[in-house]
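Each remark here refers to the structure printed beneath this line.
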Amino acid sequence: RFQAFVYFASVFQAMSCGIHYLASVFMAVTPNFVCDIPGNVSRVLSYNSSGSSIEDIWTLWTSTENYTVVQLENGETWELNQCSRSKREVSSDLTYEYKGNKSEFSCSDGFLYDHTKWKSTIVTEWDLVCDREWLAKLIQPTFMLGVLIGAVIFGDIADRMGRRRVIWFTSAGQFVFGIAVAFTFDYYSFVVVRFLLAMVSSGYLVVAFVYVTEFVGTKARTWASMHVHAFFAVGVMVVALVGFLVRTWWVYQIFLSITTLPFVLCCWMLPETPFWLLSEARYEDAQKVIDIMARWNKVSTPCKISELCSVQQDRLGSGRTGDNDVSSMKKHNILDLFCNWPIARRTVTVWLVWFTGSLGYYVFSLSSVSLGGNEYLNLFLIGAVELPSYVIACIGMDKLGRRNTLIPFLFSSALICVLIMFIPQDFNILIILANMAGKFSIGVAFGLIYLYTAELYPTIVRSLAVGSGSMMCRVGSVVAPFCVYLRSVWIFMPLLLVGVMALLSGILTIMLPETLGKPLTNTLMEATELGRNKENCSGKTPPEKIEMFGQETANTEK
């Protein structure tokens, strides 16, 4: 009961991370627009039709390449483009084609926007079009940069000050900064507040993963850690639902921010993890938490910290050798992940899988609103398809093995990216289904790489390996928005890049060893021999190493 309460309360707030990570897909939409005109309109003429009011521009809109002709009440005739306008010298006859002299002007009076779909976005709010378009394209990359920095900062703070305090601060910060975004007064304050929101959102996701892992038992740890991502996917679905219902960006942002307010009001009830309390030698506080757990779970004979500590000290004292003392005292750094060729090759492969998983995840998610059809339904489906992918990942890891599950889904991701390029653009439903399949495949690979990385490296560098892989994941999330913008160069460019990366990752993954059912390694030498020594290829992880693995995987997201 106790672990279930802590788990579901903690991962409920993980929805807010999914919400804020992808909120910009509707907040920063660029609707159809043209230059504004200096006067009242009496007639509007498009490429093949006409109207009598300025609102008729959008019903007559055919393409950004075609201009719109408007006649003002004072008799002037203007040709309106998206980033320029021209005044005709002769205005006697209102025709679309005009061969006479024209005077070119900039859009000094602002822009006219199509409000039929979105009443207001940050693009229409601050005119982030034409020569200011690059500012709109920086919104998601700067957010992802905040995600990267927040993961590093709050992961370290959680080790120093405890998980509970960071969960309090980051969950409250998500609510406060989320509301503050809606009341920013200009583009630059918007970006700064969103950057802070990204830091606390990432910090919460990192620490929540550690927090629930330290409370959940070994038997359920794989499923519990995997489904933290499932609640993130639910947050993506919430974005689609709120975006469909609310079409004004600042109201939309407020609704998204108050979605997880219940957790903010009750998160102070969550206890600190016994693992962290024991690491800080706060044995009395740890005993209090264990006693509370015993009462909730109706355990008649709760364990005593003093007994556990004495047993652990005896075990460490009897099993320690001189060489192990030297090894445990040595400080390890990133260079240890390249200590020899097998380990270096393994590190490059693992980093590439982390990068590819993140890149593919956000490319499929961010580009879903540009697939045609209903963009809200597209994003909802892209989020929903993640839920079964994590179930398949868990089953595959336990039945087929880590590598044997990862390889086919990486290859299938690459294949799907290629197949999408051959689907005619008129087949919207087929394109959406193919993108869902791509997101499903990359979701499986992205989900299982966390645990697989922890099992590929020895205890002395396990946290370092997973932490460095997580950093490559953040780099992929920063690169992903720029990759999506390459659609303007070639519509299939993002898919081509994801497909190539997935294919390369799949090929290199073939050379990784399988870790299912194998003991966790303690030294770099043992890790190097992983997959070579047939005598150690079977058997289950010893109890001591299981417990050690429990403490190491608690740092997975750092």
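Would you check the accessible area of Phe105, probe 1.4 Å, heavy atoms only, in square angstrom rounded to 10?
90
Within a Cβ distance under 14 Å of Leu241, other residues only, what is the Lys/Arg minus Asp/Glu net charge?
In short, 0.
Sorted by packing (mean other beta-carbon atoms within 10 Å per residue), highest first, where do 483-491, 432-440, 359-367 land?
Ranked by mean Cβ neighbours within 10 Å, highest first: 359-367, 432-440, 483-491.
So what does Arg403 come to for accessible area, using a 1.4 Å probe and Å² rounded to 10?
60
How tilted is helix 283-297 with respect to the longest principal axis of the chain? Cα atoms for both, answer in degrees (0 to 90, nearest 10).
Helix 283-297 and the main axis of the chain meet at about 80 degrees.
How much of His115 can a 1.4 Å solvent probe reach, expressed as accessible area in Å² and rounded to 10?
My reading of the accessible area for His115 is about 90 Å².
Provide the net charge surrounding Ser108, with neighbours chosen by a C-beta distance below 11 Å and charges set as Lys +1, Arg +1, Asp -1, Glu -1.
Summing Lys/Arg as +1 and Asp/Glu as -1 gives -1.
If we sort 11-18, 389-396, 347-354 on the protection proxy, mean other Cβ atoms within 10 Å, highest first, what's the order?
The most tightly packed comes first, giving 11-18, 347-354, 389-396.
Have a look at Val369, Leu530, Leu516 and report the one farthest towards the positive end of the charge dipole of segment 336-534, computed about the Cα centre with Cβ charges (Lys/Arg +1, Asp/Glu -1).
Positive-most Cα among the choices belongs to Leu530.
Any of Lys288/Lys518; Lys219/Lys304; Lys219/Lys288 with alpha carbons more than 27 Å apart? Name them for me.
Cα-Cα > 27 Å for Lys288/Lys518; rest within.
In whole Å, how far is the Cα centre of segment 411-443 from that of segment 484-529?
After rounding, the separation between the Cα centres reads 19 Å.
How many percent of the accessible area of segment 336-534 is carbon or sulfur, using a 1.4 Å probe?
75
Just to make sure I understand: if all protein chains stay in place, what is the order of Leu524, Leu410 by accessible area at 1.4 Å, largest first?
Leu524, Leu410
Could you tell me the center-to-center distance, by alpha carbons, between segment 360-406 and segment 233-270 in angstrom?
Distance between centres, Cα-based: 21 Å.
Please give the peptides 283-292, 183-192 ranked by average Cβ packing (other Cβ atoms within 10 Å per residue), highest first, as a rough proxy for protection.
Per-residue Cβ counts within 10 Å, averaged per peptide and sorted highest first, yield 283-292, 183-192.
Relative to the longest principal axis of the chain, what angle (0 to 90°, nearest 10) does the C-alpha long axis of helix 187-215 take?
30
Multiply the residue separation of Phe492 and Ile429 by 0.36 nm, subtract the distance between their alpha-carbon atoms, and state the gained length in nm to one decimal.
21.0 nm
So for the pair Phe422, Phe105, with labels modelled 7 Å out along Cα→Cβ, what separation do we get in nm?
Each label point is offset 7 Å from its Cα along the Cβ direction, giving 5.3 nm.
Taking K and R as +1 and D and E as -1, what net charge do the other residues with C-beta under 15 Å from the C-beta of Ala445 add up to?
Cβ neighbours under 15 Å give a net charge of +2.
Among Glu455, Glu73, what's the order by accessible area (1.4 angstrom probe), most exposed first?
Highest to lowest solvent-accessible surface, that is Glu73, Glu455.
Remind me, relative contact order of the chain in percent, using alpha carbon pairs under 8 angstrom and six or more residues apart?
17
Where does each of Ile258, Ile57, Ile423 land when they are ordered by accessible area, with a 1.4 Å probe and the largest first?
The ranking, largest first, comes out as Ile258, Ile423, Ile57.
Just report the Cα centroid separation between segment 1-39 and segment 176-215, whole Å.
Centre-to-centre distance over Cα atoms comes out at 11 Å.
The values are calculated or read from the model by the stated rules, or taken from the named source; none is laboratory data. Note that the structure is predicted; figures quoted are calculated from it, not measured. Virtual Cβ from ideal backbone geometry, glycine too; neighbours counted across all protein chains shown. These area figures cover heavy atoms from the full protein model, side chains too; ligands, DNA and RNA do not enter into them. Shrake-Rupley method; radii C 1.70, N 1.55, O 1.52, S 1.80 Å.
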